[in-house]
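Notes to accompany the following structure.
Just so it is clear, none of the values below were taken in a lab; they were calculated from the coordinates. Computed from a predicted structure; not experimentally measured. When we count neighbours, we look across all protein chains shown, and the Cβ atoms used for this are built from the backbone with ideal geometry, even at glycine.
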Amino acid sequence: MTDLYITTSIPYVNGAPHLGHALELVHVDALARHRAATGAAVRVQSGTDDHALKNVAAAAEAGVGVAEFVASHGDRFADLAHALGVRTDAFVRTSRDPCHPQGVRRLWTACAAAGDLYRKDYTGRYCTGCEQFYAPEELVDGACGEHPADAVSEVSETNWFFRLSAYRDRISDLIRSGRIEVSPAERRHEVLGFLAGEVLDLSVSRPAARAAGWGIGVPEDPDQVIYVWFDALANYLTGLGYGTADEGHYRRWWSAATERVHVIGKGIIRFHAVYWIAFLLSAGLPLPTRILVHDYLTVNGSKISKSGAVAADPATLIAEYGQDAVRWCLLREPARLGTTDVTTERLVGAYNRDLANTVGNLASRTLTLARARTASRNAPEPGPGQDLLTRGRTLRATVTAALTRYDVRSACEAIIEVAASANRFLEAEAPWHLARAAHAGDRAAAARFDAVINAVLSTCDLVAEELEPFVPDGARRLRTQLTSGEPKPSPAFPRLQR
């Protein structure tokens, strides 16, 4: 059994959290809960990226100090994780976690010792939205493809550079060989395509003056602060105590863990699959084993952004429709590839269709029938429903296979399809007719009734177990409903109104 260290990326806190952040949180939570249910040791980490120039700009616009700004905004991201029912073992705030600066400087010093850092003057086009310099040929009509509405500024300054070009071939070999898995395959091809071109050395510092003094200082160079992405990526180590006097968690979860997994959005794939790998190679540190990449969401057809017109506040959706509905929509609806549009109609529809109607209705009608005749939960086998039971028993393997290939939607679909099969089985067997015959003294009908109800209730148990990583609160209510013994227990998944 393999141990798992799994992380979200850490977002900038220049605005309120949106549905894209919620998606990543619940994906990581579902993957972690599912693995933990197998008995594996699991550690989950999330956090916020505080040392960004865009945070400095947002604080200035708000008329408050940067530290105050990132503290208050960062709280909203931590609150979102809690509201979604996401369990984390560490939530790293890069400006407040005392271990973080130590670890970042340790990583910097290791790269410097490898001869991979040098200082030079530089002029380039800088996108504050990405916190990155771009070559002219990487821009689309002079604009950043990720942030087309934001101006790209020409900046001339002295920076420290990292010898990224020296690691191009090694990174390509690691990804091609599968020693680092980038999934889905289309994102793997995207990274390899970038590595097949000219890979330039990377600017990894900014003048302290341009950053308003906000950031982690470059060791032995007080005029420079460390580039926010070098800083932010290091959180995957610093949250484990890397660079401190107590590196027990680092040794347990990074050096020794069988799986080191990052779940990220497609817009930051280069930072994780190229830059981060290069930093680790330079420092002589273990590498992540998997980088799982999710696609984007839109809301009512518009792109989501913290600073744009469409913010899609997940906290509001949770307050109005509940944790289960928001989690289920973000797990069940998004495609592995391509943008998924989210509307309140789609959110409510997915919940009602799958959880209220298919799972909830199955449990309610079966329990009603069972209590009408006090059916035995230990009906003898073989009997009707063996195909249904066999399918239910293979559900864990089906869900595991889907999650292993980071196909969360297929995992959800598999669970609901088993519940739908149980509903079809009920319709075909018509146990209400069997109950009437049994009451009239038909022993064969009574035995068949018990076997049918037993098969469906056993299937409900399996469905509840497999739903737990996806909708933990609802799955607990479903188990309570199935075992309460009350004449009319509260439904696990009451229908929502639009």
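What do you get for the angle between helix 66-83 and the principal long axis of the chain? Use alpha-carbon atoms, 0 to 90 degrees, nearest ten.
In the chain, helix 66-83 runs at an angle near 20 degrees to the longest axis.
Compute the acute angle (0 to 90°) between the alpha-carbon long axis of helix 185-196 and the principal axis of greatest extent of the alpha-carbon atoms of the chain; round to the nearest 10°.
Between the helix axis and the principal axis of the chain, the angle is about 10 degrees.
Apply the Karplus parameterisation 6.51 cos²θ - 1.76 cosθ + 1.60, with θ equal to phi minus 60°, to every residue of segment 470-483 and state each ³J(HN,Hα) to the nearest whole Hz, in sequence, with x for glycine and proline.
Working through the residues one at a time gives 8, 10, x, 5, x, 5, 5, 5, 5, 4, 4, 4, 6, 10 Hz.
Points 7 angstrom from Cα along the Cβ direction at residue 2 and residue 198: gap in nanometres?
3.8
Around residue 244, which amide H atoms from residues at least 5 apart in sequence, or from another chain, sit under 5 Å from its own amide H, with H modelled in the peptide plane?
Answer set, sorted by chain and number: none.
Select one label from (i) 41; (ii) 37; (iii) 53: the one whose number is percent of Cα pairs over 36 Å apart as derived from the coordinates shown.
(ii)
Only bridges with both residues in segment 4-294 count here: give the DSSP antiparallel percent, nearest 5.
Percent antiparallel among DSSP bridges in segment 4-294 is about 50.
Under 5 Å between amide hydrogens, which residues at least 5 positions from residue 224 or on another chain qualify, with H placed 1.01 Å from N in the peptide plane?
208, 218
Tell me which of 437, 447, 464 sits at the most positive position along the dipole axis of segment 434-498, charges placed on C-beta atoms (Lys, Arg +1; Asp, Glu -1).
437
Between 335, 256, 218, whose Cα lies farthest towards the positive end of the dipole of segment 209-341 when Lys and Arg beta carbons carry +1 and Asp and Glu beta carbons carry -1, centred on the Cα centre?
335
Figure the gain on full extension for residue 420 and residue 87 (residue separation times 0.36 nm, minus the Cα-Cα span) and round it to one decimal in nm.
Gain on extension, residue 420 to residue 87, equals 116.9 nm.
Using 7 Å Cα-to-Cβ label points, what is the residue 173/residue 320 separation (nm, one decimal)?
About 5.4 nm, to one decimal.
When the helices in the chain are scored as -39500 (n - 2.57) per DSSP H run of 4 or longer and the sum is shared across all residues, what 222 nm value do you end up with, to the nearest 500 deg cm²/dmol?
About -14000 deg cm²/dmol.
If you put +1 on each Lys and Arg Cβ and -1 on each Asp and Glu Cβ, how big is the dipole of segment 4-294 around its Cα centre, in Debye rounded to 20?
1000
Check which residues have an amide H placed less than 5 Å from residue 43's amide H, if you skip close sequence neighbours.
Amide H neighbours of residue 43, under 5 Å, 5+ apart: 4, 5, 6.
About the Cα centre of segment 344-483, what is the dipole size in debye to 20, counting +1 per Lys and Arg Cβ and -1 per Asp and Glu Cβ, all else neutral?
280
Mind checking which of 281, 321, 386 is farthest towards the positive end of the chain's charge dipole, using Cβ charges of +1 (Lys, Arg) and -1 (Asp, Glu) about the Cα centre?
Checked the options; the winner is 386.
From the backbone phi of segment 165-182, what are the Karplus-calculated ³J(HN,Hα) couplings (6.51 cos²θ - 1.76 cosθ + 1.60, θ = phi - 60°) in whole Hz, Gly and Pro given as x?
Couplings: 4, 6, 10, 4, 5, 5, 5, 4, 5, 4, 6, 4, 6, x, 5, 10, 8, 10 Hz.
Of all DSSP beta bridges in the chain, what percent run antiparallel (nearest 5)?
Bridges in the chain are about 50 percent antiparallel.
Please determine, in degrees from 0 to 90 and to the nearest 10, the orientation of helix 323-332 with respect to the longest principal axis defined by the Cα atoms of the chain, where the helix direction is its Cα long axis.
So the helix axis and the longest Cα principal axis differ by about 80 degrees.
Stokes-Einstein diffusion coefficient for segment 1-72 at 10 °C in a medium of 1.306 mPa s, Rh from the Kirkwood formula over Cα pairs: what value in µm²/s?
Answer, rounded: 114 µm²/s.
Among the lysines in the chain, how many pairs, 8 or more places apart or on different chains, have alpha carbons under 22 Å apart?
Close lysine pairs found across the chain: 5.
For segment 213-221, in order, what is each residue's ³J(HN,Hα) by Karplus, 6.51 cos²θ - 1.76 cosθ + 1.60 with θ = phi - 60°, in whole Hz (x at glycine and Pro)?
Each residue of segment 213-221 in turn: x, 8, x, 9, x, 5, x, 6, 9 Hz.
Around residue 464, with a cut-off of 10 angstrom between Cβ atoms, what is the net charge of the other residues, counting Lys and Arg +1 and Asp and Glu -1?
-1
Treating the beta-carbon of each Lys and Arg as +1 and of each Asp and Glu as -1, no other charges, what is the dipole magnitude of the chain about its Cα centre, to the nearest 20 debye?
Roughly 1680 debye for the chain.
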